[in-house]
1. Residue by residue through segment 218-228, note down the ones that are in a loop (DSSP other than H, G, I, E, B), touching a Lys or Arg at 6+ places or on another chain (Cβ under 9 Å) and within 16 Å of ligand 2 (Cβ to nearest atom).
2. Do you know which residues across segment 199-255 are acidic (Asp, Glu), under 18 Å from ARG267 (Cα atoms) and within 13 Å of ligand 1 (Cβ to nearest atom)?
3. Take the conditions part of a loop (DSSP other than H, G, I, E, B), within 16 Å of THR269 (Cβ to Cβ) and either assigned by TED's automatic domain parsing to the domain that holds THR269 or within 16 Å of ligand 1 (Cβ to nearest atom) (or both) and apply them to ASP159. Does it pass?
4. Residue by residue through segment 213-228, note down the ones that are surrounded by 15 or more Cβ atoms within 10 Å (Cβ to Cβ), charged (D, E, K, R) and under 13 Å from PRO256 (Cβ atoms).
5. Taking segment 229-268 on its own, how many of its residues are in a helix (DSSP H, G or I), within 16 Å of ligand 2 (Cβ to nearest atom) and crowded, with 21+ Cβ neighbours inside 10 Å?
6. Do we find that ARG350 is surrounded by 15 or more Cβ atoms within 10 Å (Cβ to Cβ) and on the phi < 0 side of the Ramachandran plot in this structure?
7. For residues that are among the polar types (S, T, N, Q) and in contact (Cβ under 8 Å) with a residue 40 or more places away in the chain, scanning just segment 187-212, find the one that is surrounded by the most Cβ atoms within 10 Å (Cβ to Cβ).
8. Which residues, taken from segment 104-120, are over 14 Å from the mean Cα position of the chain (by Cα) and not polar (S, T, N, Q)?
Amino acid sequence: MGTNTIRAVKGMRDLLPFETTLWNRVEAQAREVFRVYGYGEIRTPLVEETQLFARGVGAETDIVSKEMYTFDDHGDSLTLRPEATASVVRAYIEHSLSRNPGLTKLYYIGPMFRRERPQKGRYRQFFQIGAEAIGSDSPAVDAEIIEMLWDFLGRVKLDPMPEILLNSLGDGACRPQFLEALKSALTGVKDRMCSDCQRRAETNPLRVLDCKVPADQEIIEGLPKITEFLCEPCRDHYARVQEYLTMRHIPFTPTPRMVRGLDYYTRTTFEFVHGSLGAQNSVLGGGRYDGLAETIGGPRAPGIGFSIGEDRLINLLGEAPAARPDIYMVWLDPESQKCAISMAADLRARGVVVEVPPEARKMGKLMEQASKLSARFALIIGETERVSARYTLKDMSTGAQETLSVDELTKRFS
Ligand SMILES: [Zn+2]
Ligand SMILES: [Zn+2]
């Protein structure tokens, strides 16, 4: 390619049909699982006011402080959404969805944008499949949303199934005491930690806990644990989430070090991790955000949600078999082409994948093409076939041939 060739933007990529086959299958499974749990789809804009993320996600988070695509739109500061929970909660408030009976259960599938350092398997436009249940702080909701995820990952046949890490981050009543204890513990040790930890010790001490730098791990092990600071209602909530999961036979690992990168989480947080992904091993993460709606100017609306990194999930699932025609129409003269076009229409209406070559070619060339496309069958239509109204169906893998009437052919593929 020449130096002036235009290519996709760094960190953003095209998904081609050999990939989208699997993407579509995964998304169809998600839609089906979410539907039976009573979730409806929401599609929010890709662009929001920058304030929504600064206030909702948190100005000190990595996402907001250095990864957002923000631009000036004639005086308004707008941002390409780096995640969708803040947008969903904004929509929940804007449309007064709290007036609907019961919980508001919404899911979304779509691209998010973060200007991260380019790394293998990380994209600046990446896809998330997520859901939010808003309007209740019951631990039963937390367990059910985790059950829904477990169900979904089982249906897409993720193998082995991931490990579920569970934690509680407390709430406004107990987290401040924990943060105080964490800060004072950090003053003694932060100088021996990585530069990110030194900065976070000042700006966002909770984030020190999920530092992945190996040399810091021993120090992190010695820091206070959030679970030792939970107030009575938070401790009870956390215990009940665990009971409800056990009742559902869903395995989980209590992980007091697991914090999430976003400021809005309260109480339950979880991650599903998969060994084969290495250090960046999280397939999905989520948690409760009982104060988020108020943070962005709405009424109190406790909620819980998750987002799945779809790019990573797809990566773990491997490859879908390539799409291939069921029948390749080997037509041999103009009259047979008409016949092929009309038979193709009938077969396609029954869901059969049919390829009709656009140009007249010799039989040998057409059979060669059928084989290159990995067609399951070739259907041969020439003058003899038209006159007898019986067509030759050739099985491309065995070479076996049979002659069938249109009726027999239709039955064969229905
Ligand atoms: Zn560190
Ligand atoms: Zn608490």
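1. LYS225
2. Residue satisfying the conditions is ASP210 alone.
3. No; evaluated as a whole, the condition is false for this residue.
4. Answer for segment 213-228, where residues must be surrounded by 15 or more Cβ atoms within 10 Å (Cβ to Cβ), charged (D, E, K, R) and under 13 Å from PRO256 (Cβ atoms): just LYS225.
5. Count: 4.
6. no
7. ASN204
8. If the condition is that a residue be over 14 Å from the mean Cα position of the chain (by Cα) and not polar (S, T, N, Q), then LYS105, LEU106, ARG114, ARG115, GLU116, ARG117, PRO118, LYS120 are the ones that fit.
The values are calculated or read from the model by the stated rules, or taken from the named source; none is laboratory data. Quick caveat: nothing in here was measured; it's all calculated off a predicted structure. Glycine gets a Cβ as well: all are built from the backbone with ideal geometry, and neighbour counts include every protein chain shown.
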